[in-house]
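Engineer: Before I ask anything, here is the structure I am working with.
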Amino acid sequence: MSTIDDLIKIIKQGSQKNKYKLQVFNNFKNRPKVDLDLIRLAYDFAADAHKGQLRKSGIPYINHPLETAITLAQMGMDQDTIIAGLLHDVPEDTHFTLVDIEKNFGSGVAKLVTGITKLGVLKYRGIEKYAENLRKMFISMAQDVRIIIIKMADRINNLKTLESLPPEKRLRIAKESLDIYAPIANRLGMGQIKGEIEDLAFSYVYPEEYAWMKKEVMPKIELRMEYIEKVIKIIKKELSAKKIKFYSVHGRPKRLFSLYKKLIKPHYNREIGKIYDLAAVRVIVDDVSGCYSVLGALHDLWKPMPGRIKDYIAQPKPNGYQSLHTTVFCVDGKLAEIQIRTKEMDAQAEFGIAAHWQYKENVKNIDTTKKGYTSPKKLKWVQDLVQWQKDIADNEQFLNSLTLDVFQNRIFVFTPQGDVIDLPEEATPVDFAYHVHSWIGDHCTSAKVNNQIATLDRKLKNGDIIEITTDKNRKGPSHDWLKFVKTHAAKSKIRSNSSRH
Ligand code: MN
């Protein structure tokens, strides 16, 4: 048994023709142990199966599953996932079958490859296909979220080699990546993967806009990074002087596509000057108390901007994101955003759900029974999603609900006990009530928001504390609530449980 770091070395040697520039995201000691002999066997098996096949670019086909497996290894995924990454195109493109895979690598690997093969036959054409695509993605995600993680790694490699495909196909794959893969990666908290997919697809889907960003915005990001470098030097000096231990201090430029989406909002109107987080400083430390020590030291050095201190450590976002954020009046009086977190939190932010495989035993601060943050393989919200997607046969209605429930911006509100509930933007106390329990939804009579009486159609805001009053004698929900509720759960319960008039 050995570590993933050894593995990366070995699978790199596996293919002599390709020189991999390994971008090692993290250098964790916690990576899962793997059986390197078995992984090498899987590589040989795949290389043999794809023998003689070429990618559209002319390079040997095995390059593609190998790249996929390397991405998975870099994410710290477990052995079965890496092996499935190596074998993911075998059943579809070679004479070997799923039975061969199961015989040689066991049922765990075979199940993952089966899941990927089922997703493989989809083509994106129009709204119907889009809905079908999403349905299948969610069903496989509900079976085992690792299927989607492999699919993400597969997609990243396909996007990197898009250049060799005909223009029409290029556009289809890039568009599908923005519409389907990026939002799912985002919902799984996989920030690094989402950002990479979006930036790779950006130039194909919006070539002119991409060119504009490259010409007008990139130089400004570079300038900003120079400024951030100055700030980093000062932070390092200050922390050393105060004897506060840190793991690293580095700059993070904002991702191009997410910056583009921000710039085209009416408020920004393409004025780059209005955006002051073109790049942020990130301080990585060993433990939670270290995070607060760094925050104190930085506020001692620079005045924080009121209302911009966010403690996502005490109150993590439902997708698992944890960090301290502050914006300070920094060098030359300019504003700078600083993010402070532990190594584990950083892995969680970059890889989301995938980080569970690196930190299975280390995630102590997070209550894994909470909604939106459950066991790594089976996510509660995905299970819910699969349940209700079965109820909605109409694809257009399915997409509308999905857009509202899953892909829209989320707000995070609290129960009086301090539990975090995530809801779509503009959700109301009734949505909240149904989210907690359908009985509470059916019997709610009034609500308090931040201790003040509020109407049931009040649009909730981030951070609100909601208290619901129920009346057990209430006959059921009011049909009128359909006019303002936002979530699918609330809508379907009101429809089935309310008696009109
Ligand atoms: Mn593939």
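Engineer: Return the residues of the range 459-469 that are open to solvent by less than 60 Å² (accessible area, probe 1.4 Å) and at pLDDT 85 or above; say none if nothing qualifies.
Structural biologist: Correct list: 460, 466, 468.
Engineer: List the number of the failed condition for residue 269; all other conditions in (1) part of a helix (DSSP H, G or I); (2) free of Cβ contacts under 8 Å to residues at least 40 places away in the same chain hold.
Structural biologist: It is condition (1) that residue 269 fails.
Engineer: For the range 183-192, does any single residue satisfy the condition of being closer than 30 Å to residue 59 by Cβ, within 16 Å of the ligand (Cβ to nearest atom) and not assigned by TED's automatic domain parsing to the domain that holds residue 343?
Structural biologist: Scanning the range 183-192, I find no residue that is closer than 30 Å to residue 59 by Cβ, within 16 Å of the ligand (Cβ to nearest atom) and not assigned by TED's automatic domain parsing to the domain that holds residue 343, so the answer is no.
Engineer: Here's a follow-up. Can we say residue 120 is assigned by TED's automatic domain parsing to the domain that holds residue 172, of a type in the set (Gly, Ala, Ser), modelled with pLDDT under 95 and away from the ligand (no atom under 15 Å from the Cβ)?
Structural biologist: no
Engineer: Now, a different point. What are the residues in the range 287-316 that are free of Cβ contacts under 8 Å to residues at least 60 places away in the same chain, part of a loop (DSSP other than H, G, I, E, B), farther than 23 Å from residue 334 by Cα and open to solvent by less than 70 Å² (accessible area, probe 1.4 Å), if any?
Structural biologist: 312, 313, 314
Engineer: Scan 37, 80 and give me the residue that is under 22 Å from residue 110 (Cβ atoms), assigned to a helix (DSSP H, G or I), more than 16 Å from the ligand (Cβ to nearest atom) and at pLDDT 90 or above.
Structural biologist: Testing whether each residue is under 22 Å from residue 110 (Cβ atoms), assigned to a helix (DSSP H, G or I), more than 16 Å from the ligand (Cβ to nearest atom) and at pLDDT 90 or above leaves just 80.
Engineer: Can you find a residue in the range 196-215 that is polar (S, T, N, Q), open to solvent by 40 Å² or more (accessible area, probe 1.4 Å) and either in a helix (DSSP H, G or I) or touching a residue at least 24 places away in the same chain (Cβ under 8 Å) (or both)?
Structural biologist: There is no residue in the range 196-215 that is polar (S, T, N, Q), open to solvent by 40 Å² or more (accessible area, probe 1.4 Å) and either in a helix (DSSP H, G or I) or touching a residue at least 24 places away in the same chain (Cβ under 8 Å) (or both).
Engineer: Okay, next question. Within the group 429, 424, 416, which residue is closer than 18 Å to residue 316 by Cα, modelled with pLDDT of 80 or more and open to solvent by less than 30 Å² (accessible area, probe 1.4 Å)?
Structural biologist: Just a single option satisfies the conditions, and that option is 424.
Engineer: For the range 249-260, check the following and say yes or no: at least one residue is in contact with an Asp or Glu (Cβ under 7 Å, 6 or more places away or on another chain), free of Cβ contacts under 8 Å to residues at least 40 places away in the same chain and closer than 30 Å to residue 173 by Cα.
Structural biologist: Yes, there is a match, as at least one residue in the range 249-260 is in contact with an Asp or Glu (Cβ under 7 Å, 6 or more places away or on another chain), free of Cβ contacts under 8 Å to residues at least 40 places away in the same chain and closer than 30 Å to residue 173 by Cα.
Engineer: Every residue in the range 456-501 that is within 19 Å of residue 412 (Cα to Cα) and β-branched (Val, Ile, Thr), please.
Structural biologist: 465, 466, 468, 485, 487
Engineer: Take the residues in the range 40-51 that are of a type in the set (A, V, I, L, M, F, W, C) and more than 14 Å from the ligand (Cβ to nearest atom), then tell me which one is least open to solvent (accessible area, probe 1.4 Å).
Structural biologist: 42
Engineer: For the condition out of contact with any Leu (no Cβ under 9 Å at 6 or more places or on another chain), charged (D, E, K, R), at pLDDT 90 or above and surrounded by fewer than 18 Cβ atoms within 10 Å (Cβ to Cβ), what is the one hit in 163, 128?
Structural biologist: 163
Engineer: Would you be able to say whether some residue in the range 298-305 is at pLDDT below 90 and out of contact with any Gly (no Cβ under 8 Å at 6 or more places or on another chain)?
Structural biologist: Within the range 298-305, not a single residue is at pLDDT below 90 and out of contact with any Gly (no Cβ under 8 Å at 6 or more places or on another chain).
Engineer: Further, regarding this structure: Does the range 52-62 hold any residues that are away from the ligand (no atom under 11 Å from the Cβ) and surrounded by fewer than 22 Cβ atoms within 10 Å (Cβ to Cβ), and which are they?
Structural biologist: Of everything in the range 52-62, those that are away from the ligand (no atom under 11 Å from the Cβ) and surrounded by fewer than 22 Cβ atoms within 10 Å (Cβ to Cβ) turn out to be 52, 53, 54, 56, 57, 58, 59, 60.
Engineer: I'm told residue 465 meets every condition in (1) touching a Pro at 6+ places or on another chain (Cβ under 7 Å); (2) farther than 30 Å from residue 310 by Cβ except one. Can you identify the failing condition by its number?
Structural biologist: Result: residue 465 passes all but (2).
Engineer: For residue 494, state whether it is open to solvent by 30 Å² or more (accessible area, probe 1.4 Å) and not polar (S, T, N, Q).
Structural biologist: no
Engineer: Further, regarding this structure: Could you count how many residues in the range 317-335 are open to solvent by 20 Å² or more (accessible area, probe 1.4 Å) and farther than 30 Å from residue 355 by Cα?
Structural biologist: Residues that pass the stated criteria total 6.
Engineer: Can you find even one residue in the range 146-157 that is open to solvent by 30 Å² or more (accessible area, probe 1.4 Å), touching a helix residue (DSSP H, G or I) at 6+ places or on another chain (Cβ under 9 Å) and not assigned by TED's automatic domain parsing to the domain that holds residue 344?
Structural biologist: No, every residue in the range 146-157 fails to be open to solvent by 30 Å² or more (accessible area, probe 1.4 Å), touching a helix residue (DSSP H, G or I) at 6+ places or on another chain (Cβ under 9 Å) and not assigned by TED's automatic domain parsing to the domain that holds residue 344.
Engineer: Let me ask something else. Being open to solvent by 10 Å² or more (accessible area, probe 1.4 Å) and closer than 30 Å to residue 344 by Cα is the filter here, so list the residues in the range 63-82 that pass it.
Structural biologist: 67, 71, 74, 78, 79, 80, listed by residue number.
Engineer: Name every residue in the range 294-329 that is touching an Asp or Glu at 6+ places or on another chain (Cβ under 7 Å) and of a type in the set (Ser, Thr, Tyr), in order of residue number.
Structural biologist: 327 - this is the single residue of the range 294-329 that is touching an Asp or Glu at 6+ places or on another chain (Cβ under 7 Å) and of a type in the set (Ser, Thr, Tyr).
Engineer: Still on this model: Looking at residue 170, is it in a helix (DSSP H, G or I), within 12 Å of the ligand (Cβ to nearest atom) and open to solvent by 10 Å² or more (accessible area, probe 1.4 Å)?
Structural biologist: no
Engineer: Of everything in the range 83-100 that's of a type outside the set (A, V, I, L, M, F, W, C), touching a residue at least 24 places away in the same chain (Cβ under 8 Å) and open to solvent by 10 Å² or more (accessible area, probe 1.4 Å), which residue is farthest from the ligand (Cβ to nearest atom)?
Structural biologist: Looking at residues that are of a type outside the set (A, V, I, L, M, F, W, C), touching a residue at least 24 places away in the same chain (Cβ under 8 Å) and open to solvent by 10 Å² or more (accessible area, probe 1.4 Å), I get 95.
The values are calculated or read from the model by the stated rules, or taken from the named source; none is laboratory data. Only a predicted model underlies this, so the values are computations on that prediction, with no experimental measurement involved. Quick reminder, even Gly has a Cβ in these numbers, built from the backbone with ideal geometry, and neighbours come from all protein chains shown. We work out accessible area using only protein heavy atoms, side chains counted, and drop any ligands, DNA or RNA first. Shrake-Rupley method; radii C 1.70, N 1.55, O 1.52, S 1.80 Å.
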